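**Q** Following this message is one structure expressed as structure tokens.
The values are calculated or read from the model by the stated rules, or taken from the named source; none is laboratory data. A quick note: this is a predicted structure, and the numbers were derived from the prediction, not measured. No Cβ is skipped: glycine too gets one built from the backbone with ideal geometry, and neighbour counts run over all protein chains shown. All accessible areas refer to the heavy atoms of the entire protein, side chains included, with ligands and DNA or RNA removed. Shrake-Rupley method; radii C 1.70, N 1.55, O 1.52, S 1.80 Å.
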Amino acid sequence: MNGETKALELDPKDFKLNDYDNLRITMPQKPALSEEDVDAQLFEYVLSTNGAIKSVSELDDEWVRRNFEGLETLDDVRQAIKDDFDRETEIEYSDIKFHACSDALVERLEGEINEDVLESNVEAMRRANEQRLEAMNISMNQFLREESLTPEQYDQKLRDETTHQLRLNMALDLLADVLGMQVGNHEITEYLQTSNPQAFLEEIREKGMVEQARRAAVRVKTMRRAVDTAIVNGAVETPESRVKEKIARQASMQPDEDIEVPDFDHLPLPEIHDDNPSCLNVSDN
């Protein structure tokens, strides 16, 4: 984009899927939130307020009304903690399910990526990352320090991520062809979410990128179907770790008057909120 040389594309004739049946994945068990966990979160909040309360047993409804707008009782607070935990867990498990399905789909792809294609896409991703860092006034050296990466590790990470994205895109393209997946112009922004759909559509028309956007939307639509129809083989035991921190939220959208056309070959991953088809959507990074 932005007038730079477009990354080379893979040739579908060089690839095939060895299986078009429903994906089969394994998911970890969801952690349960005990009453002791709720007490621990309550007490953590109490400590953060530097109050005189030394134990959860000292909390009462009056304390709730002083500290939580819109809540009246201690039971209200406890229920809010449980509801928040459930929401975060669903988001976390949606992400796990998406990545499990992505990996399963990529494993079905047969064929090798041409080295020239890979290198051109690695460089495209490198340029895109540098532009994002520059927009945030962050130097590459600062980024590497914050991520605890050496330049060599960063290069390998770029290569690995680009390889995976290329293979996933190709697998989705092949699957979409077999399934007959189509997306009309009026549906593009249903799959490629933006803050201003109308301005987005106008810009991709002006830049001659409608078909590129349509192809990206078809990939998202195909991935949603793959996730919806995936068969979960069972659960794997996991430690009873608790969800302690909020799931990272999306960065603020671009202002409406400055709509930026996304890089359709390196799209953000679909964010899947639960197993129902109507609850799947794509978000911008």
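**Q** Name the single residue, out of those in the range 75-128 being small (Gly, Ala, Ser) and touching a residue at least 24 places away in the same chain (Cβ under 8 Å), that is farthest from residue 19 (Cα to Cα).
**A** First, pick out the residues of the range 75-128 that are small (Gly, Ala, Ser): 80, 94, 100, 102, 104, 111, 120, 124, 128.
Filter again for touching a residue at least 24 places away in the same chain (Cβ under 8 Å), leaving 94, 100, 102, 104, 111, 120, 124, 128.
Working: 94: 24, 100: 16, 102: 14, 104: 11, 111: 14, 120: 29, 124: 31, 128: 33 Å.
The residue in question is 128.
**Q** Criterion first (more than 18 Å from residue 228 (Cα to Cα) and at pLDDT below 90) does residue 81 satisfy it?
**A** Working: more than 18 Å from residue 228 (Cα to Cα): yes; at pLDDT below 90: no.
So residue 81 does not fit the description; no.
**Q** Separate question: Filter the range 34-72 down to residues that are exposed (fewer than 14 other Cβ atoms within 10 Å of the Cβ) and among the polar types (S, T, N, Q) and give me whichever is modelled with the highest pLDDT.
**A** Looking at the filtered set, the residue picked out is 34.
**Q** Next up: Can you tell me which residue is nearest to residue 32 (Cα to Cα) among those in the range 79-112 that are open to solvent by less than 70 Å² (accessible area, probe 1.4 Å) and polar (S, T, N, Q)?
**A** Per the criteria, the residue is 89.
**Q** Right, here's the next one. Go through 91, 53 for me and flag whichever is in a loop (DSSP other than H, G, I, E, B) and either within 30 Å of residue 123 (Cα to Cα) or not aromatic (Phe, Trp, Tyr) (or both). Walk me through it before giving the result.
**A** Values: 91 fails: in a loop (DSSP other than H, G, I, E, B).
None of the others qualify; the one that does is 53.
**Q** In the range 113-154, how many are open to solvent by less than 80 Å² (accessible area, probe 1.4 Å), in contact with a helix residue (DSSP H, G or I) (Cβ under 8 Å, 6 or more places away or on another chain) and within 29 Å of residue 11 (Cα to Cα)?
**A** Total meeting the criteria: 11.
**Q** Another question, if that's okay. Please go through the range 12-40 and pick out each residue that is part of a loop (DSSP other than H, G, I, E, B), free of Cβ contacts under 8 Å to residues at least 40 places away in the same chain and acidic (Asp, Glu). Spell out the reasoning first.
**A** Going through the range 12-40, the residues part of a loop (DSSP other than H, G, I, E, B) turn out to be 15, 18-23, 29-34.
This time we only want the ones that are free of Cβ contacts under 8 Å to residues at least 40 places away in the same chain, so: 21, 34.
Within the range 12-40, 21 is the sole residue that qualifies.
**Q** Now, a different point. State all residues of the range 184-198 that are modelled with pLDDT of 90 or more and among the small types (Gly, Ala, Ser); if no residue qualifies, say none.
**A** Passing the criteria: only 184.
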